[in-house]
Amino acid sequence: MTDPQAAEGPRVAVVTGASRGIGLGIARALAARGDRVCVTGRNAEPLDAAVAELGGPGRAMAVPGKVHDEAHQDEVIARVMAAWGRVDHLVNSAGTNPVLGGLADLDPGVLRKVFEINVLAPLALARRAWHAWQREHGGTVVNVSSVAGLSASPFLGAYGVSKAALINLTQQLAHEFAPAARVNAVAPAVVRTRFAAPLYEGREEEAAARYPLGRLGVPGDVAGAVAFLSSDASSWITGQTLVVDGGLFLNAGLA
């Protein structure tokens, strides 16, 4: 296996869902250590702002589009390879949770959409990164799962099942991509973002009281874990899910 860390030139990372929240926090962390970073998301304007913050063209690029769209997936990898010639790190941070509640009465179409974005899109991008670069040169994939994928919840049924599938996908790809590339996941608890706001808005103090560390997460907490899993410091770790939860699971999880 060729070690991507030993190859000449800065490493290159693709971070999906990086216009805000956890994804943007991850992009900041990877750019800060010197990576070139491609950020993706649905809307061009916040992505352009992210590129400016990350160092501007040459150090960062934006590819707007829907993460589950095959043409967009092709464009992301093609543009990164054309500009920088490599895809060392893929971080699948984009996700959706359009409905709160259980599965018994859920519209099957909603469940399909959740799986398309939270499971099939990460797989599709991992395959593209693998064939474009990582199969021959090595690299890492980090999937952003959730503690909802580790424990049943009365209000995150579809999301939790999709994130459990993403954890299993992580293990499967880790087996298939070894020894050339490493595949891991992070499983955050509630992080203070717009995406997670329905889980704490208006009652943040009450929500934080369940965490032994006394607070909800912030994007930087997850970014640090992702930076570790995509670095030399984790070079003998693959197929694992790193729980980033402020100790929540010490108190029996989300249920």
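The values are calculated or read from the model by the stated rules, or taken from the named source; none is laboratory data. What you see is a predicted model, and the numbers here were worked out from it, not measured in a lab. When we count neighbours, we look across all protein chains shown, and the Cβ atoms used for this are built from the backbone with ideal geometry, even at glycine. Calculation scope for accessible area: heavy atoms of the full protein, side chains included, ligands and nucleic acids excluded. Shrake-Rupley method; radii C 1.70, N 1.55, O 1.52, S 1.80 Å.
Residues checked against (1) open to solvent by less than 60 Å² (accessible area, probe 1.4 Å); (2) within 20 Å of P98 (Cβ to Cβ); (3) in contact (Cβ under 8 Å) with a residue 40 or more places away in the chain:
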position: A121; (1), (2), (3): yes, yes, yes
position: A126; (1), (2), (3): yes, no, yes
position: R135; (1), (2), (3): no, no, yes
position: A148; (1), (2), (3): yes, yes, yes
position: A158; (1), (2), (3): yes, yes, yes
position: L169; (1), (2), (3): yes, no, yes
position: E176; (1), (2), (3): no, no, no
position: A180; (1), (2), (3): yes, no, yes
Seminar exercise, completed: Filtering segment 7-48 down to residues that are part of a loop (DSSP other than H, G, I, E, B), in contact with a helix residue (DSSP H, G or I) (Cβ under 8 Å, 6 or more places away or on another chain) and charged (D, E, K, R) yields R11, R20, R33
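Looking only at segment 41-55, decide whether some residue is under 18 Å from R128 (Cβ atoms) and under 16 Å from the mean Cα position of the chain (by Cα).
Of the residues in segment 41-55, the ones under 18 Å from R128 (Cβ atoms) are 41.
Imposing the further condition that a residue be under 16 Å from the mean Cα position of the chain (by Cα) reduces the set to 41.
Looking for residues that are under 18 Å from R128 (Cβ atoms) and under 16 Å from the mean Cα position of the chain (by Cα), one finds at least one in segment 41-55, hence yes.
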For this session: State yes or no: is D48 within 25 Å of S145 (Cβ to Cβ) and of a type in the set (D, E)?
Result: no
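Is it the case that G246 is in a loop (DSSP other than H, G, I, E, B), modelled with pLDDT of 90 or more and over 26 Å from V15 (Cα atoms)?
Working: in a loop (DSSP other than H, G, I, E, B): yes; modelled with pLDDT of 90 or more: yes; over 26 Å from V15 (Cα atoms): no.
It is false that G246 is in a loop (DSSP other than H, G, I, E, B), modelled with pLDDT of 90 or more and over 26 Å from V15 (Cα atoms).
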Problem set entry | Unique residue being closer than 23 Å to V222 by Cα and either open to solvent by 40 Å² or more (accessible area, probe 1.4 Å) or of a type in the set (V, I, T) (or both) when the list is G34, G41, G55 | G55
Problem set entry | Output for segment 68-92, where each listed residue is in contact with a strand residue (DSSP E or B) (Cβ under 7 Å, 6 or more places away or on another chain) and open to solvent by 20 Å² or more (accessible area, probe 1.4 Å) | E75, R79, A83, W84
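Name the residue, out of A62, A7, that is modelled with pLDDT under 95, over 18 Å from A227 (Cα atoms) and small (G, A, S).
After applying the criteria, what remains is A7.
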Exercise. Quick check: is even one residue across segment 49-58 part of a loop (DSSP other than H, G, I, E, B), touching a helix residue (DSSP H, G or I) at 6+ places or on another chain (Cβ under 7 Å) and not aromatic (F, W, Y)?
Worked result: yes
For this session: Scan segment 134-148 residue by residue and report those that are over 18 Å from the mean Cα position of the chain (by Cα) and closer than 23 Å to T193 by Cβ.
Result: none
Exercise. Which one is least open to solvent (accessible area, probe 1.4 Å) among residues in segment 210-242 that are aliphatic (A, V, I, L, M) and over 13 Å from the mean Cα position of the chain (by Cα)?
Worked result: L216
